[in-house]
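The values are calculated or read from the model by the stated rules, or taken from the named source; none is laboratory data. Keep in mind it's a predicted model, so treat the numbers as computed, not measured. Here the Cβ is made from the backbone with ideal geometry for all residues, glycine too, and neighbour counts use every protein chain on show. Side chains are part of the model used for accessible areas, which takes the heavy atoms of the whole protein and leaves out ligands, DNA and RNA. Shrake-Rupley method; radii C 1.70, N 1.55, O 1.52, S 1.80 Å.
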Amino acid sequence: MQNEVIIIGAGLAGSEAAWQASQMGADVKLYEMRPIVSTPAHSTGNFAELVCSNSLGSDREGTAPGLLKEELRALGSIIMHCADRTRVPAGQALAVDRGLFSALVTKELEAAPNIEVIREEVVRVPREGVVVIATGPLTSPAFSEEIASLLGTDHLYFFDAMAPIISGHSVNWSRAYWASRYGRGDSDYANCAMNREEYEWFWENLIEAETAEMHEFESLQLFEGCMPIEEIARRGRDTLRYGPLKPVGLVDPRTGRRPYAVVQLRRENVPGSLFNMVGFQTRLKQGEQSRVFRMIPGLEEAEFVRYGMMHRNTFVNGPEHLSATLQLTESERIFMAGQITGVEGYMESVATGLVCGMNAGRLAMGKDPLTFPSKTAIGSLCSYVSTPCKGRYQPMNVNFGLLPEPPRALKKNERRMWKVALARQSLHDFAGSLRGGC
Ligand SMILES: Cc1cc2nc3c(=O)[nH]c(=O)nc-3n(C[C@H](O)[C@H](O)[C@H](O)COP(=O)(O)OP(=O)(O)OC[C@H]3O[C@@H](n4cnc5c(N)ncnc54)[C@H](O)[C@@H]3O)c2cc1C
């Protein structure tokens, strides 16, 4: 039907998308399967239910999560509106009363004149019309199969383990060195060498470190191929040295010898501003990850832009299937929003929901979808999910590594403020062009 947008899933992304599409003048049909069918992590029928923490992350100026919230507020996000009205004291973080928050989101959407709510599990992608898929990391199994058949089964990832990502500028480059095993291929890995004493100190702390609790369903998802690093370590003093920390073929240029063990860092993005800790998928609590992983020589000051974690996650290979407008390259009438695109986190899901809602609304109203500037926090996430990356595509939080680097060397804080200023100007210009009727 003309002017109509169908949105599947009323989580954080789908709720935001529904609101934005309705603001564009579209008639919205919002499908949500809860409370008739639930997921292993949700417990109510309310929209935008927060499945774990009640914190939406830092709201501080000069941080990447703070910048993202600022942009969302500026663009009239319904989720930010409800969060600001239900916030609870949490220092510089934006935390909410989870019950009041999701009840308010539900009330606002149900009261909107051009949003029709349908409580039903969707198992088929509608064969026509403008559609937004926002079914999240716990997409119902039947619908997961449908998406897999739409995109090809190789392209829907069921992922349950993630290693931490650290920022490149926080690595001590006087300790870390570039090399690939036996000098084969390009030196794409940064290596942190350990002597025997350093390794044993690290190992002892790792096996004693505290792990996060997991939901019962998640324990079923453990596979040998993505065993947490602390589990591998518990199998014996040397298992890591024969596994992810094996030092063979990685001579340390400082000593001219093979180290006792080596931690490898792999570039996570093309500019090389972010690094994945290879083989460090973990269930350790976040504080424990900071404490123990900073014992690795070269990572003493490591800044974690995403901590390692384990949970079931359904996401598509964004760079293969999505454009920066969040349309499927296979079918431009279909959009994807939220964690299913490969962004990670509550607010990142909201941001992609906002973009999808605006763009799906525009398409339904006969206008072209818009590409958000990649200099903004919102645009940088759209760019991440749609740009080919080195190595395996992995979920990503908002962080300064996704934003363009300044043309000259600046101190850490100045660099951040430069990026914030550029993002603000870009959003201002972009919003101005929207008001100009583009
Ligand atoms: C266990 C777990 C804990 C997490 N903890 C955090 C955290 O603490 N902090 C953080 O920032 N991020 C966390 N995340 C990651 C992520 O931020 C959240 O999952 C976030 O809610 C994702 O937003 P979304 O809108 O993409 O998905 P969701 O908020 O999950 O919304 C998807 C919606 O789609 C509905 N749905 C699914 N299938 C269908 C279907 N076939 N038909 C109709 N409706 C359907 C679901 O019921 C749900 O309401 C966690 C993820 C998981 C799985």
Condition set touching a Pro at 6+ places or on another chain (Cβ under 9 Å) and not charged (D, E, K, R), scope the stretch 292-308, selection nearest to the ligand (Cβ to nearest atom): answer is TYR307
For the stretch 39-46, check the following and say yes or no: at least one residue is polar (S, T, N, Q), at pLDDT 95 or above and surrounded by 19 or more Cβ atoms within 10 Å (Cβ to Cβ). yes
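Among the residues of the stretch 339-354, which ones are surrounded by fewer than 24 Cβ atoms within 10 Å (Cβ to Cβ) and of a type in the set (Asp, Glu)?
We begin by selecting, within the stretch 339-354, every residue surrounded by fewer than 24 Cβ atoms within 10 Å (Cβ to Cβ); these are 344-345.
Scanning the stretch 339-354 gives a single hit, GLU344.
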Taking the conditions exactly as written (among the acidic types (Asp, Glu) and within 14 Å of the ligand (Cβ to nearest atom)), does GLU16 satisfy them or not? yes
Residues of the stretch 275-300 that turn out to be part of a loop (DSSP other than H, G, I, E, B), surrounded by 22 or more Cβ atoms within 10 Å (Cβ to Cβ) and either within 19 Å of the chain's Cα centre (by Cα) or not assigned by TED's automatic domain parsing to the domain that holds ASP188 (or both), as a count: 4
Among the residues of the stretch 80-89, are any buried (at least 21 other Cβ atoms within 10 Å of the Cβ), more than 22 Å from ASN397 (Cβ to Cβ) and in contact with an Asp or Glu (Cβ under 8 Å, 6 or more places away or on another chain)? no
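Just one of VAL131, VAL117 is open to solvent by 30 Å² or more (accessible area, probe 1.4 Å), in a strand (DSSP E or B) and not aromatic (Phe, Trp, Tyr); which is it?
The unique qualifying residue is VAL117.
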Over the stretch 311-338, the set of residues open to solvent by 20 Å² or more (accessible area, probe 1.4 Å) and within 11 Å of the ligand (Cβ to nearest atom) is HIS311, ARG312
Please list, ordered by first then second residue, the pairs with beta carbon atoms under 8 Å, 6 or more apart or interchain, first in the stretch 133-154 and without any contact (Cβ under 8 Å) to a residue 24 or more places away in the chain, second assigned to a loop (DSSP other than H, G, I, E, B) and more than 9 Å from the ligand (Cβ to nearest atom). GLU146/ARG124; GLU146/VAL125
If you check SER380, SER433, which single one turns out to be among the polar types (S, T, N, Q) and at pLDDT 95 or above? SER380
What are the residues in the stretch 301-310 that are open to solvent by 10 Å² or more (accessible area, probe 1.4 Å) and assigned to a loop (DSSP other than H, G, I, E, B), if any? GLU301, GLU303, TYR307, MET310
If you go through LEU150, LEU109, the only one that is open to solvent by less than 40 Å² (accessible area, probe 1.4 Å) and assigned by TED's automatic domain parsing to the domain that holds LEU328 is LEU109
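Report yes if some residue within the stretch 399-416 is among the small types (Gly, Ala, Ser), buried (at least 21 other Cβ atoms within 10 Å of the Cβ) and out of contact with any strand residue (DSSP E or B) (no Cβ under 7 Å at 6 or more places or on another chain); otherwise report no.
Taking the stretch 399-416 as the starting set, the residues that turn out to be among the small types (Gly, Ala, Ser) are 401, 409.
Adding the requirement that they be buried (at least 21 other Cβ atoms within 10 Å of the Cβ) leaves 401.
Still in the running and out of contact with any strand residue (DSSP E or B) (no Cβ under 7 Å at 6 or more places or on another chain): none.
Scanning the stretch 399-416, I find no residue that is among the small types (Gly, Ala, Ser), buried (at least 21 other Cβ atoms within 10 Å of the Cβ) and out of contact with any strand residue (DSSP E or B) (no Cβ under 7 Å at 6 or more places or on another chain), so the answer is no.
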What residue, of LEU104, LEU138, LEU151, LEU94, is more than 14 Å from the ligand (Cβ to nearest atom) and modelled with pLDDT under 95? LEU151
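Hey, among ARG283, ARG294, ARG266, ARG257, which residue is closer than 23 Å to ASN172 by Cα and touching a residue at least 24 places away in the same chain (Cβ under 8 Å)?
On the way: ARG283 fails: closer than 23 Å to ASN172 by Cα; ARG294 fails: touching a residue at least 24 places away in the same chain (Cβ under 8 Å); ARG257 fails: touching a residue at least 24 places away in the same chain (Cβ under 8 Å).
Every option except ARG266 fails the conditions.
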Filtering the stretch 22-39 down to residues that are part of a loop (DSSP other than H, G, I, E, B) and more than 8 Å from the ligand (Cβ to nearest atom), which residue is nearest to ASN359 (Cα to Cα)? MET24
Out of the stretch 248-267, which residues are over 15 Å from ILE296 (Cα atoms) and open to solvent by 10 Å² or more (accessible area, probe 1.4 Å)? VAL248, GLY249, VAL251, PRO253, ARG254, THR255, GLY256, ARG257, ARG258, ARG266, ARG267
Any residue at all in the stretch 373-384 that's buried (at least 22 other Cβ atoms within 10 Å of the Cβ), touching an Asp or Glu at 6+ places or on another chain (Cβ under 6 Å) and either aromatic (Phe, Trp, Tyr) or farther than 19 Å from LEU434 by Cβ (or both)? no
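Tell me, please, whether a residue that is under 18 Å from the mean Cα position of the chain (by Cα), in a loop (DSSP other than H, G, I, E, B), more than 10 Å from the ligand (Cβ to nearest atom) and among the β-branched types (Val, Ile, Thr) can be found in the stretch 45-68. If you could, list the steps in order and put the result at the bottom.
We begin by selecting, within the stretch 45-68, every residue under 18 Å from the mean Cα position of the chain (by Cα); these are 48-59, 63-68.
Now drop any that are not in a loop (DSSP other than H, G, I, E, B), which leaves 48-54, 59, 63.
If we keep only those that are more than 10 Å from the ligand (Cβ to nearest atom) as well, we get 59, 63.
Next, only the ones that are among the β-branched types (Val, Ile, Thr) stay: 63.
Yes, because at least one residue in the stretch 45-68 is under 18 Å from the mean Cα position of the chain (by Cα), in a loop (DSSP other than H, G, I, E, B), more than 10 Å from the ligand (Cβ to nearest atom) and among the β-branched types (Val, Ile, Thr).
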